Amino acid sequence: MTGALALIVFATLPIRPFTEQYARLSVPREMWDTPRFKHVNRVLSAGWGAVFAFMTVCHLIAASQPDDRRLSTIFNWLLPIAAILYMIRVTERFRSAARDRVAAAPAPAGPAGAGSPPQPPRP
């Protein structure tokens, strides 16, 4: 299963990154076609694809010794969960950095920028 996910993520990476549909839920529509949005989603999708590929290798290692409970616990549970948690942290750092960039950006000059609501964060 994780091997199929890894293949799907990597195969769709140049077309439409795996994370893009989720990012669109929290990013304004006018940013969806920007190079930065595309780049961030390619990087995050590649990271998630790597996690799924890593999990596949872990499961294969565990399956090679089906009677070894310790090996099964490490390779079926501990390492995959650690990889997922790591990628969740990476994803959150990207989102936080994007919010910080937007907050630090100077307000647009002129009457159009005066009194305008702050722009939502972008990845």
Point to revise | Per-selection Rg to Rh, the stretch 3-48 - Cα, Kirkwood hydrodynamic radius | key: 0.98
Revision key, fill the gap. Of 13-23, 45-55, 28-38, ordering from highest average Cβ density within 10 Å down gives 45-55, 13-23, 28-38
Review point. Rounded, prolate or oblate: which fits the stretch 36-97, taking a ≥ b ≥ c as square roots of the Cα gyration tensor eigenvalues, rounded meaning a/c under 1.5, else prolate when a/b beats b/c?
Key: oblate
**Study point:** Accessible area expressed per residue, the chain, with surrounding protein chains retained (probe 1.4 Å, Å²)
**Key:** 67
**Study point:** Carbon/sulfur fraction of accessible area - the chain, other protein chains in place, 1.4 Å, %
**Key:** 67
Review point. From the list (i) 57; (ii) 38; (iii) 25, can you say which value of percent of Cα pairs over 26 Å apart was derived from the structure given?
Key: (ii)
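The values are calculated or read from the model by the stated rules, or taken from the named source; none is laboratory data. The shown structure was predicted, so the numbers you read here are calculated from the model rather than taken from an experiment. Every residue, glycine as well, gets a Cβ built from its backbone with ideal geometry; the counts of neighbours run over all protein chains shown. For the accessible areas, the whole protein counts, side chains as well, though only heavy atoms, and no ligand, DNA or RNA atoms are used. Shrake-Rupley method; radii C 1.70, N 1.55, O 1.52, S 1.80 Å.
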